[in-house]
Amino acid sequence: MKERIRDILARLGRTRRGRLSQRGMTIIEMMIVLVIMGMIMVTIGGYSFNAIQNARLQDARVQVGQLGTALEEYRVLVGEYPQSLDDLVRPPGGLAPIRREVGSDPWGNDFQYRRTSRDAFELFSAGPDGRPGTEDDIHLEGSGRN
């Protein structure tokens with residue numbers, strides 16, 4: 001009987017040691033899984049950032065186009081392009097506003113507008129870097145000459 005108890009205790013001891021070594025392996029496996037998950041998250045994060053940036057660029061192009069349409073509408077009504085974008089909100093001569101507001105680009109910057117003549121203008125967003133005159137600007141030039 002004593003031998004049988006020793007046998008059982010010996011097996012329990014081996015099982016415990018086996019479990020300890022399995023626990024160590026599980027920790028290593030968990031660390032590997034965490035590293036792999038981290039790499040996946042970084043990759044997905046990079047793609048998400050690019051998708052958001054592309055969506056903002058597209059939104060800025062649409063907004064510049066809509067402002068260009070409003071500028072053309074103003075020219076048709078008044079006979080010339082406005083002095084500033086604010087004239088779209090508060091046109092002269094008691095005309096109804098063409099836009100409720102001018103707004104800002106997707107990066108929070110004001111749209112840049114310059115009337116180059118009665119019949120021409122330049123309109124742009126400074127783009128993601130917020131600095132006018134750089135490569136990422138989104139431009140629209142208009143001419144009322146037909």
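Listed here are the residues, each with its yes/no results for (1) surrounded by 12 or more Cβ atoms within 10 Å (Cβ to Cβ); (2) of a type in the set (Ser, Thr, Tyr).
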site	(1), (2)
Pro92	no, no
Glu101	no, no
Asp105	yes, no
Asn109	yes, no
Glu122	yes, no
Ser125	yes, yes
Pro132	yes, no
Subject >> Tabulated pairs, segment 73-102, first in contact (Cβ under 8 Å) with a residue 60 or more places away in the chain, second small (Gly, Ala, Ser) and surrounded by fewer than 18 Cβ atoms within 10 Å (Cβ to Cβ), C-beta under 6 angstrom, 6+ apart or interchain >> reply: Arg75/Gly144
**OP:** Could you tell me whether segment 48-59 includes any residue that is surrounded by 13 or more Cβ atoms within 10 Å (Cβ to Cβ), hydrophobic (A, V, I, L, M, F, W, C) and within 22 Å of Ser117 (Cβ to Cβ)?
**Re:** no
Subject >> Options Tyr113, Tyr74, Tyr81: the member that is assigned to a loop (DSSP other than H, G, I, E, B) and surrounded by 18 or more Cβ atoms within 10 Å (Cβ to Cβ) >> reply: Tyr81
Original post:
Restricting the search to segment 120-146, which residues are free of Cβ contacts under 8 Å to residues at least 40 places away in the same chain and in contact with a Lys or Arg (Cβ under 6 Å, 6 or more places away or on another chain)?
Top reply: Glu122
**OP:** Please find, among Pro92, Pro106, Pro97, the residue that is over 16 Å from Leu140 (Cα atoms), modelled with pLDDT under 90 and outside any helix (DSSP H, G or I).
**Re:** Pro92
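The values are calculated or read from the model by the stated rules, or taken from the named source; none is laboratory data. All values reported here derive from a predicted model rather than from experimental measurement. Cβ atoms come from the backbone with ideal geometry, glycine included; neighbour counts cover every protein chain shown.
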